[in-house]
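Trainee: Structure provided below as C-alpha cells; questions to follow.
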Amino acid sequence: MTPRFAPFTTWMDWHTGLLDPERGQVERRLSDMSGYYLDEQGVDGGQLVYRVYAIPVEETGSEIQCSTTVIEPGRVADEYFMTKGHFHAVWHRSEIYLGLRGEGRLVMATEAGEHAVEPIRPGSVSYVPGGWAHRSVNVGDEQLVFFAAYVGDAGHDYGTIADRGFPVRVVAGAHGPEVVDNPRYRKE
Ligand code: PAN
Ligand code: ZN
C-alpha cells in the first residue's frame, strides 16, 4: 500500500496560536454573527471576534483535522465574545480542545437540551464527545487561544445552532462570568 502523502510539520506559536506555514484562515466579525447574541443593538459589525488557523487535510475519516482558534476579548452587551458553535455534520464525531492562552468556557449541548460548561485555560484538555454541540467563549481580558483536533470527515452543522441557539449563555455578572439560561433557546 502506498501512503497518500509524506509526513509534515507545522510550527505553532503556543501564545498567539499562529501557525507556520499558515495554510488557511477563517475570520469572523460581528457582522458574520448577526442573531447569535441576545442584545445586538448598536453593535459595530466590523469588530473582529475570532480567527481560526487550520492545518488542512482531506476531509475523510482517515485524516485528523487540526486548527487553532483565537478569540478576541470583548462583549456584546453582557455576553462575552464567542464562536458560532456547531454540531458535527457526522454527529457522533468527537473532538479534543487544548487550552493554550487566556481564560474561556467551552459550552456544550445535546439535541435533547442537556448542557455542560467546562473551563478552557492553559493546560486544559477538553473532550467533546460526539453528539454535543460546542461553542467556546472568551471570558478573560486577553485573547483566548486553543488547539482543536477532530476526525477529518466530521463536517460542521452550523444551521441547528443558528436556528435554536444553546440552552445557556455566558455573561459578565457582578462577580465575573456567569452561566444563565438563554430565553431564545428552542429545543426543536
Ligand atoms: C473548532 C471550531 C472553531 C471555530 O475548530 O471550528 O473554534 O468555531 P466555529 O466553527 O463554531 O465557528 C471546532 O470545533 N472544529 O470542529
Ligand atoms: Zn467542532
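Trainee: Is there a residue being more than 16 Å from ligand 2 (Cβ to nearest atom), of a type in the set (F, W, Y) and either farther than 18 Å from T160 by Cβ or surrounded by fewer than 15 Cβ atoms within 10 Å (Cβ to Cβ) (or both) anywhere in the range 38-61?
Mentor: Looking through the range 38-61, none of the residues is more than 16 Å from ligand 2 (Cβ to nearest atom), of a type in the set (F, W, Y) and either farther than 18 Å from T160 by Cβ or surrounded by fewer than 15 Cβ atoms within 10 Å (Cβ to Cβ) (or both).
Trainee: In the range 66-87, what residues are in contact with an Asp or Glu (Cβ under 7 Å, 6 or more places away or on another chain) and within 15 Å of ligand 2 (Cβ to nearest atom)?
Mentor: Within the range 66-87, H86, F87 meet the criteria.
Trainee: Take the conditions without any contact (Cβ under 8 Å) to a residue 40 or more places away in the chain and in contact with a Cys (Cβ under 9 Å, 6 or more places away or on another chain) and apply them to A116. Does it pass?
Mentor: On the way: without any contact (Cβ under 8 Å) to a residue 40 or more places away in the chain: yes; in contact with a Cys (Cβ under 9 Å, 6 or more places away or on another chain): no.
No; evaluated as a whole, the condition is false for this residue.
Trainee: Additional query: Which members of the range 162-188 meet the condition of being of a type in the set (A, V, I, L, M) and either loosely packed, with under 13 Cβ neighbours inside 10 Å or under 12 Å from Y37 (Cα atoms) (or both)? Steps first, answer last, please.
Mentor: Filtering the range 162-188 down to residues of a type in the set (A, V, I, L, M) leaves 162, 168, 170-172, 174, 179-180.
If the condition is that a residue be of a type in the set (A, V, I, L, M) and either loosely packed, with under 13 Cβ neighbours inside 10 Å or under 12 Å from Y37 (Cα atoms) (or both), then A162, V168, V170, V171, A174 are the ones that fit.
Trainee: In the range 1-14, which residues are over 12 Å from F147 (Cβ atoms) and in a loop (DSSP other than H, G, I, E, B)? Steps first, answer last, please.
Mentor: Taking the range 1-14 and keeping what is over 12 Å from F147 (Cβ atoms), we get 1-9, 11.
Hits for the range 1-14 are M1, T2, P3, R4, F5, A6, P7, F8, T9.
Trainee: When residues of the range 71-93 are filtered for being surrounded by 21 or more Cβ atoms within 10 Å (Cβ to Cβ) and either free of Cβ contacts under 8 Å to residues at least 40 places away in the same chain or not in a loop (DSSP other than H, G, I, E, B) (or both), how many remain?
Mentor: Residues meeting the conditions: 5.
Trainee: Return the only residue of E111, E72 being in contact with a Leu (Cβ under 6 Å, 6 or more places away or on another chain) and modelled with pLDDT of 95 or more.
Mentor: Numbers: E111 fails: in contact with a Leu (Cβ under 6 Å, 6 or more places away or on another chain).
When all the criteria are applied, what remains is E72.
Trainee: Please go through the range 146-159 and give me each residue that is out of contact with any Asp or Glu (no Cβ under 6 Å at 6 or more places or on another chain) and surrounded by fewer than 17 Cβ atoms within 10 Å (Cβ to Cβ), ordered by number.
Mentor: Scanning the range 146-159 gives A149, G155, H156, D157, Y158, G159.
Trainee: When you scan the range 121-172 for strands (runs of 3 or more DSSP E) that lie fully inside it, which ones turn up with 2 or more residues that are touching a Cys at 6+ places or on another chain (Cβ under 8 Å)? First the steps, then the outcome.
Mentor: On the way: elements: 125-128, 133-138, 144-151.
Of the strands (runs of 3 or more DSSP E) lying wholly inside the range 121-172, those with at least 2 residues that are touching a Cys at 6+ places or on another chain (Cβ under 8 Å) span 144-151.
Trainee: Return the total of residues in the range 129-144 being closer than 20 Å to R51 by Cα and either within 16 Å of ligand 2 (Cβ to nearest atom) or in contact with a helix residue (DSSP H, G or I) (Cβ under 7 Å, 6 or more places away or on another chain) (or both). I'd like the intermediate steps shown before the answer.
Mentor: We begin by selecting, within the range 129-144, every residue closer than 20 Å to R51 by Cα; these are 133-144.
Subsequent filtering for residues that are either within 16 Å of ligand 2 (Cβ to nearest atom) or in contact with a helix residue (DSSP H, G or I) (Cβ under 7 Å, 6 or more places away or on another chain) (or both) retains 133-137, 144.
Looking only at that region, the number is 6.
Trainee: Another question, then. May I ask you to list the residues in the range 132-149 that are closer than 11 Å to V70 by Cα and acidic (D, E)?
Mentor: Matches in the range 132-149: E142 only.
Trainee: For the range 56-92, which residues satisfy the criterion of being over 16 Å from the mean Cα position of the chain (by Cα), among the charged types (D, E, K, R) and over 14 Å from V170 (Cβ atoms)?
Mentor: Scanning the range 56-92 gives E58, E59, E63.
The values are calculated or read from the model by the stated rules, or taken from the named source; none is laboratory data. Computed from a predicted model, the values in this text were never measured in an experiment. Quick reminder, even Gly has a Cβ in these numbers, built from the backbone with ideal geometry, and neighbours come from all protein chains shown.
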